[in-house]
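*Asks:* So that we are looking at the same thing, I have put the structure below in structure tokens.
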There are 2 protein chains.
Amino acid sequence: MDAQVLDQTFAALADPTRRAILARLASEKRGVGVMELAAPFAMSLPAVSKHLKVLERANLISRGREAQWRPCTLEPRLLKEAANWIERYRELWEERFDQLDSVLEQLQNPQDN
Amino acid sequence: MDAQVLDQTFAALADPTRRAILARLASEKRGVGVMELAAPFAMSLPAVSKHLKVLERANLISRGREAQWRPCTLEPRLLKEAANWIERYRELWEERFDQLDSVLEQLQNPQDN
DNA sequence: ATATTATTTCACCATATGGCTAATTAACTG
DNA sequence: CAGTTAATTAGCCATATGGTGAAATAATAT
């Protein structure tokens, strides 16, 4: 509901690296270290570190301490908030598909008009 | 599915002015002009014009021409794409609520353990 | 032709973002 | 203690973002 929260959430999601990191974390129960998260990307470790900081400040991930590792864990709570916000538009995009359906129907059965 | 599309969509949603504009357009069947869209905001017309350009380039709105007005219309198609992306995490946040539920249950019925 | 209304473009400014390398901190290991 | 591994911080750069006021464009109205 809070505008700032949605700002941070959507801004955090507006980057392919960060979305990939979230996807990776979604498929792991355990916390995942930075090296491991960074491996698939053609970018430096500090760059990934920055992305993680963005995700952390947006409260989309949390980080622990385990020896010299900082394992990251997905925090899906605010994803739910973002989903809730978008869901308010669901009836609009479904309505639009209904309209498209009737257009297609007319194209196939022009005698209907 | 396209990463760039999600980039643009989420980036466009990461601003309260733009989300408010979308909300306004969602509640109107007719196209809405720029002056009218700008009215609620404490910012200049060029600023609103810029926001509209962001929304247009993200294909979240389309714009027509009607005399000297450029009526804006909501295009919900890519909102659906964004919703689809987030939905893949639904089971995660619901699982988390399940865990919270069982925690609350334990707090209320400690004899269960 | 001139004026009015709606909207955009231009030129500017401050701040944020995403990337880099090099240096630093933190924790473990020999 | 010295060395190794993990990660962050610092300093830098290029580009993007969100705002401004002033000027330009587009269409209508007088």
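The values are calculated or read from the model by the stated rules, or taken from the named source; none is laboratory data. Every value quoted in this text rests on a predicted model; they were computed, and no experiment measured them. Here the Cβ is made from the backbone with ideal geometry for all residues, glycine too, and neighbour counts use every protein chain on show. Heads up: the accessible areas ignore ligands, DNA and RNA and are worked out on the full protein's heavy atoms, side chains in. Shrake-Rupley method; radii C 1.70, N 1.55, O 1.52, S 1.80 Å.
*Asks:* Check A:Lys53 against each of (1) touching a residue at least 40 places away in the same chain (Cβ under 8 Å); (2) of a type in the set (D, E, K, R); (3) farther than 18 Å from B:Trp85 by Cα and name the one condition it does not meet.
*Replies:* Against the list (1) touching a residue at least 40 places away in the same chain (Cβ under 8 Å); (2) of a type in the set (D, E, K, R); (3) farther than 18 Å from B:Trp85 by Cα, A:Lys53 comes up short only on (1).
*Asks:* To continue, here is another question. Is there any pair linking a residue in segment B:76-89 that is over 15 Å from A:Pro76 (Cα atoms) to one that is open to solvent by 20 Å² or more (accessible area, probe 1.4 Å) and modelled with pLDDT under 95, with Cβ under 7 Å and at least six apart or on different chains, and which?
*Replies:* Pairs that qualify, where the first residue is over 15 Å from A:Pro76 (Cα atoms) and the partner is open to solvent by 20 Å² or more (accessible area, probe 1.4 Å) and modelled with pLDDT under 95, are B:Pro76/A:Leu92; B:Pro76/A:Arg96; B:Arg77/A:Arg96.
*Asks:* Could you tell me whether segment A:33-48 includes any residue that is under 23 Å from B:Phe10 (Cβ atoms), within 9 Å of DNA strand C (Cβ to nearest atom) and part of a helix (DSSP H, G or I)?
*Replies:* Within segment A:33-48, one or more residues are under 23 Å from B:Phe10 (Cβ atoms), within 9 Å of DNA strand C (Cβ to nearest atom) and part of a helix (DSSP H, G or I).
*Asks:* Right, here's the next one. Pick from segment A:53-71 the residues that are within 11 Å of DNA strand C (Cβ to nearest atom) and assigned to a helix (DSSP H, G or I): which of them is nearest to the other protein chains (Cβ to nearest Cβ)?
*Replies:* It comes out as A:Val54.
*Asks:* If you scan segment A:33-55, which residues turn out to be surrounded by 15 or more Cβ atoms within 10 Å (Cβ to Cβ) and within 8 Å of DNA strand D (Cβ to nearest atom)?
*Replies:* Hits for segment A:33-55 are A:Gly33, A:Val34, A:Leu37, A:Ala38, A:Val48, A:Leu52.
*Asks:* Return yes or no: is B:Arg30 touching a residue at least 12 places away in the same chain (Cβ under 8 Å), among the basic types (Lys, Arg) and in a helix (DSSP H, G or I)?
*Replies:* No, not satisfied.
*Asks:* Same structure, new question: Return yes or no: is A:Leu60 within 24 Å of B:Glu95 (Cβ to Cβ) and free of Cβ contacts under 8 Å to residues at least 60 places away in the same chain?
*Replies:* yes
*Asks:* Let me ask you something else. So, in segment A:72-84, exactly how many residues are open to solvent by 20 Å² or more (accessible area, probe 1.4 Å) and more than 7 Å from chain B (Cβ to nearest Cβ)?
*Replies:* Number of matching residues: 4.
*Asks:* With the requirement that a residue be open to solvent by less than 40 Å² (accessible area, probe 1.4 Å) and within 9 Å of DNA strand C (Cβ to nearest atom), what does segment A:11-32 give you?
*Replies:* A:Ala12, A:Ala14, A:Asp15, A:Thr17, A:Arg18
*Asks:* OK, next. Among the residues in segment B:34-53, are any of a type in the set (S, T, N, Q) and modelled with pLDDT under 95?
*Replies:* No - not one qualifying residue is present in segment B:34-53.
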